[in-house]
C-alpha cells in the first residue's frame, strides 16, 4: 500500500493504490468487477449549475467498457437552452476517469463519474462552462507559466422545525458546538461523504447566522476546502452541493445556498480563495510578504470585479446580501485580514515565531515554510454562481492583472487597512468604486468588459450574450430599494430563489 494513498477516504484511490489523476479505464473496470458495482452514473453540470444524472445498469464487461470508452449522447438544447439550438442539439458526454467515486447514497452499488461535453465533431463543446474554465487555465499557463489553485468556502443554511432546547443566541452561531449547534451531525456526515467522493476538505464549522421565525429554525454552517488545481476545485464544489442537498432530503430538512433568506440576518456567500503556482510552488509570498505577483493578481480581480458578479452573483437576492455592515463587500478594494473588503488577504503563517513549540514545550523541532499556504480571498460570490464560469472568470482576471501595465499602482490605490463601513472612514469609501446593486447593473458591467473575457477564445460571444440577456431579464434595477421595507415581498423573492445554484 502506497503511504500517500493509505489514509485516502476515496475507496477507488485506496483500492487501486494510486492517485485519482492516474485512473485509467482498466482501473475502473477492475474496481467495478472486484467490488460488486452494479450501476454507473454519469454526472455533468447544466446551465442551471446543478449536477444532472444519466444512469446505466451494467450488463456485462463489454457493455461497461463501451460506456467508459464512448460515453453517451444527450440533448444539449435541454441542458443549455440559451447556448444550443434545438435543430442541432446532440452532445456527447465523455467521462473523466479521475473524477470517479463510489456513490455514497445509492442502495444499488454504483460508481459515479463527472463528464465533459463534446460536439458532433468530437471537439470540446465551446459553450460548456467546464470547458471555458479549462480553456482559461490553458491560456494562463501558456502566457505566464503559472498555474492556478483554488478553494471554495461553501456556506449554507439548514432550515428545520424549531427546537427550543439549547437555543443558540441570534446571529452568534460562529463555531458553536452541539447541542447549541443542531446540525453538526449533518455537516460531519456531509464532510465524510465529500471526502469519499474525492473532495479535499480543510474544515467545517457552524457560522454566524442563526435565527428562528414562524416556528422554523435557520442555522448557518460552512464547509471549507483546501487549495487544489482549478479544475478539481470546481468539481468538488459541485459534488459537495449535491451531497448536502441529498443528505438534507434524507434528514427531512432543507439546505439552501441562497445568498439571502430574510432581511437583517447574515446571508450566505461562496468565498473563493486563490493562489498562483510555478513548478508546484506557491508564488504568493516573497521574503515573508505578499509578492508582486500576488498583488498584480489582486489588481486583476478588482479591475474586473464589477463584471465578475455576472458569474458569481446571478439572482436578484444576491444584491440583498451585498450591503454594508453584514460582512459582505460593497466597495472595490482589498486589505489584510479585513472582512469589509472585496479581496481579503487572510493570515498566511508568515510569522517567524515558533507557535507550536510555544504551545507545546515538549516539541523541539517543527516544520517550516508554512507561507506556501497563503491565499487571497474573493468575497462577493454566493451560491447562485455558475461555479465553472466563476472559476473561469477569476482565472481570466488573475491573468489580466499580471498583464496590466499599472497593476501595482492600482493595487496600491485600492488598498485599505480600516473598516470602511465605519462612519469615520466615509471619505475613503468615496474614493472607491462600488459593486453592482442589481443583476441588470451586473449585465451592463459585463457588456463593458466582455472583450477581456472573449480574448484568446476563452469565453464564446454566445455565452456572454446569453448571460447579459439572462441577467437583464430580472428587471431588478431598483428592486432592492423599492422593497427593502416590505418583508412580505422580500420573502416572496427569497422563496423564488431558495434552491439557486
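Determine, from the Cβ-Cβ distance of residue 433 and residue 62 and an R0 of 60 Å, the FRET efficiency 1/(1 + (r/R0)^6), rounded to the nearest 0.05.
Step by step, r from the Cβ atoms, then E = 0.50.
For a quick protection proxy, order the peptides 239-247, 309-317, 107-115 by their average other-Cβ count within 10 Å, most packed first.
Numbers: 239-247: 21.0, 309-317: 26.7, 107-115: 19.0.
Taking the mean over residues of other Cβ atoms within 10 Å, the ranking is 309-317, 239-247, 107-115.
Based on Cα atoms of region 161-311, Rg over Rh with Rh as the Kirkwood radius reads 1.03. From the square roots a ≥ b ≥ c of the eigenvalues of the alpha-carbon gyration tensor of region 356-453, which class results: rounded (a/c under 1.5), prolate (a/b over b/c), or oblate? The shape class here is prolate. Here the extension length gained between residue 78 and residue 289 equals 71.0 nm, from 0.36 nm per residue of separation less the Cα-Cα distance. Computed from label points 7 Å out along Cα-Cβ, the spacing between residue 55 and residue 477 is 4.8 nm. If I take all pairs of Cα atoms in region 379-436, what percentage of them are more than 13 Å from each other? More than 13 Å apart: 73 percent of the Cα pairs in region 379-436. If a/c stays under 1.5 just call it rounded; otherwise compare a/b with b/c (prolate if a/b is bigger, oblate if not). Do that for region 1-59, with a ≥ b ≥ c from the square roots of the Cα gyration tensor eigenvalues. Because a/c hits 1.5 or more and a/b fails to exceed b/c, region 1-59 counts as oblate. Hey, quick one: spin label on residue 96, modelled 7 Å out along Cα-Cβ, who in region 182-199 has an amide N within reach, i.e. under 18 Å? Under 18 Å, as judged by backbone N against the label point of residue 96, lie 194-199 of region 182-199.
Quick check on region 11-125: of the DSSP beta bridges with both residues there, what percent are antiparallel, nearest 5%?
Antiparallel bridges make up about 80 percent of those DSSP assigns within region 11-125.
Averaged over residues, the count of other Cβ atoms within 10 Å places the peptides 94-101, 409-416 in the sequence 94-101, 409-416, highest first.
From largest to smallest, the equivalent ellipsoid semi-axes obtained for the chain from the alpha-carbon gyration tensor read 34, 28, 27 Å.
Give the percent of DSSP beta bridges with both residues in the chain that are antiparallel, rounded to the nearest 5. In the chain, DSSP labels about 85 percent of beta bridges as antiparallel. Dividing the Cα radius of gyration of region 11-125 by its Kirkwood radius returns 0.99 for Rg/Rh. Scoring 129-141, 487-499 by mean Cβ neighbours within 10 Å over their residues and listing the highest first yields 129-141, 487-499. Taken along the Cα-to-beta-carbon direction at a fixed 7 Å, the label points for residue 166 and residue 70 span 5.6 nm.
Any read-out appearing in this document is the output of simple, stated calculations on the displayed coordinates, not a laboratory observation. Computed from a prediction, not measured in an experiment: that's the story for all the values here. Please note: Cβ atoms are built from the backbone with ideal geometry, for glycine as well, and neighbour counts cover all protein chains shown.
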